[in-house]
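Structure, as structure tokens:
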Amino acid sequence: MGKRLEGKTAFCTASGAGIGRATAIAFAREGARVIATDIDPKKLEGLEKEGVAECLQLDVRDTAAVEAMAKQFSPVDILFNAAGFVHHNTVLDCTDEEWDFAFDLNVRSMHRTIKAFLPGMLEKGGGSIINVASGAGSIRGVPNRYVYGATKAAVIGLTKSVAVDFIRKGIRCNAICPGTIQSPSLEERIAALGKQVGGVEKARQMFIDRQPMGRLGTPEEVAALAVYLASDESAFTTGTTMLVDGGFAL
């Protein structure tokens with residue numbers, strides 16, 4: 001077990017699978033006290049065996065629930081925002097309800113957690129906020145990701161705004177922009193695409209082919225960057241959009 005986050009407390013969302021789960025585990029292995037949350041508590045099973053201190057149900061679309069968590073656990077040193085949803089198709093296929101849901105989950109959830117936990121960080125004198133954005137959005141336009149791209153561009157704007165507003169108060173805020181990462185969410189998208197293109201393996205290869213490195217990324221590779229941003233090693237880093245994308249943005 002490492003010690004890069006020893007003595008720090010981390011509050012994490014969407015810890016049940018993929019990048020969120022890998023990051024909660026990585027934080028714990030580096031010595032942090034980790035509070036891992038997810039809307040589905042069953043997905044959190046096994047995290048305590050990995051060293052995670054607490055596993056709790058949380059719907060990040062519920063402002064009162066987020067505020068209650070902040071009241072219970074503040075101040076924290078690290079806030080890791082991983083909740084998100086990938087909406088497909090173009091502007092012509094987007095309903096008002098889909099637009100509202102995507103922005104509520106992908107962007108407003110981060111607004112809720114940051115607003116709730118930031119006062120404790122300020123009182124403590126510092127903290128690292130890490131938001132999961134994407135290589136899709138303001139970094140690169142991706143076909144059939146209209147709403148998703150718009151939300152992830154908004155996450156980058158939110159990140160930079162928080163970073164600049166509190167830069168002299170010990171708060172750092174950065175965005176991680178992954179490429180195509182192997183995860184349960186990706187498997188669902190591969191399965192859906194497979195029905196359209198003639199098979200799951202063909203669909204999987206299509207996702208692989210869009211990665212210049214010729215392979216998918218892993219949640220652990222994203223988590224390694226999150227550890228760096230959570231640690232004091234990145235003390236001079238704020239307001240950044242850090243790519244871990246296998247060359248996706250090239």
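Laid out as a table, the results:
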{"quantity": "Boolean, Ser161 is among the hydroxyl-bearing types (Ser, Thr, Tyr) and crowded, with 19+ Cβ neighbours inside 10 Å", "calculated": "no"}
{"quantity": "Selection status of Gly199, on the phi > 0 side of the Ramachandran plot and not hydroxyl-bearing (Ser, Thr, Tyr)", "calculated": "yes"}
{"quantity": "Pairs, first outside the structural domain of Phe27 (by TED's automatic domain parsing) in the range 125-150, second not in a loop (DSSP other than H, G, I, E, B), C-beta under 6 Å, six or more apart", "calculated": "none"}
{"quantity": "Inter-residue pairs, beta-carbon under 9 Å, first free of Cβ contacts under 8 Å to residues at least 24 places away in the same chain and assigned by TED's automatic domain parsing to the domain that holds Arg108 and in the range 158-170, second surrounded by 14 or more Cβ atoms within 10 Å (Cβ to Cβ) and among the β-branched types (Val, Ile, Thr), 6+ apart", "calculated": "Asp165/Ile171"}
{"quantity": "Residues (under 15 Å from the mean Cα position of the chain (by Cα) and modelled with pLDDT of 85 or more) located in the range 172-205", "calculated": "Cys173, Asn174, Ala175, Ile176, Cys177, Pro178, Gly179, Thr180, Ile181, Gln182"}
{"quantity": "Residues that are more than 30 Å from Thr9 (Cα to Cα) and either modelled with pLDDT of 85 or more or buried (at least 17 other Cβ atoms within 10 Å of the Cβ) (or both), drawn from the range 208-231", "calculated": "Ile208, Asp209, Gln211, Pro212, Met213, Gly214, Arg215, Leu216"}
{"quantity": "Verdict on Ala22 being under 18 Å from the mean Cα position of the chain (by Cα), under 21 Å from Leu225 (Cβ atoms), in a loop (DSSP other than H, G, I, E, B) and in the same structural domain as Leu225 (by TED's automatic domain parsing)", "calculated": "no"}
{"quantity": "Ala203 without any contact (Cβ under 8 Å) to a residue 60 or more places away in the chain, assigned to a helix (DSSP H, G or I), outside the structural domain of Leu122 (by TED's automatic domain parsing) and not aromatic (Phe, Trp, Tyr)", "calculated": "yes"}
{"quantity": "Residues being under 22 Å from Arg4 (Cβ atoms) and more than 11 Å from the chain's Cα centre (by Cα) - total across the range 71-93", "calculated": "5"}
{"quantity": "Matching option when the condition is surrounded by fewer than 16 Cβ atoms within 10 Å (Cβ to Cβ), touching a residue at least 24 places away in the same chain (Cβ under 8 Å) and not assigned by TED's automatic domain parsing to the domain that holds Ile130, among Ala191, Ala249", "calculated": "Ala249"}
{"quantity": "Flag for Ala14 being at positive phi, part of a loop (DSSP other than H, G, I, E, B), surrounded by 15 or more Cβ atoms within 10 Å (Cβ to Cβ) and at pLDDT 95 or above", "calculated": "yes"}
{"quantity": "Among (1) in a helix (DSSP H, G or I); (2) under 16 Å from Asp232 (Cα atoms), the one test that Arg4 misses", "calculated": "(1)"}
{"quantity": "Residues that are crowded, with 24+ Cβ neighbours inside 10 Å and either touching a Pro at 6+ places or on another chain (Cβ under 7 Å) or under 21 Å from Leu186 (Cα atoms) (or both), drawn from the range 27-54", "calculated": "Thr37, Asp38"}
{"quantity": "Flag for Gly239 being touching a helix residue (DSSP H, G or I) at 6+ places or on another chain (Cβ under 8 Å) and on the phi > 0 side of the Ramachandran plot", "calculated": "yes"}
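Yes or no, residue by residue, for (1) part of a strand (DSSP E or B); (2) in contact with an Asp or Glu (Cβ under 6 Å, 6 or more places away or on another chain); (3) at pLDDT 95 or above; (4) at positive phi:
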position: Lys42; (1), (2), (3), (4): no, no, yes, no
position: Gly46; (1), (2), (3), (4): no, no, yes, yes
position: Val52; (1), (2), (3), (4): no, no, yes, no
position: Leu56; (1), (2), (3), (4): yes, no, yes, no
position: Arg61; (1), (2), (3), (4): no, yes, yes, no
position: Ala64; (1), (2), (3), (4): no, no, yes, no
position: Glu67; (1), (2), (3), (4): no, no, yes, no
position: Val76; (1), (2), (3), (4): no, no, yes, no
position: Phe80; (1), (2), (3), (4): yes, no, yes, no
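The values are calculated or read from the model by the stated rules, or taken from the named source; none is laboratory data. From a predicted model like this one, the values you see are computed outputs, not experimental measurements. As a convention, Cβ positions derive from the backbone with ideal geometry for all residues, glycine included, and neighbour counts pool all protein chains shown.
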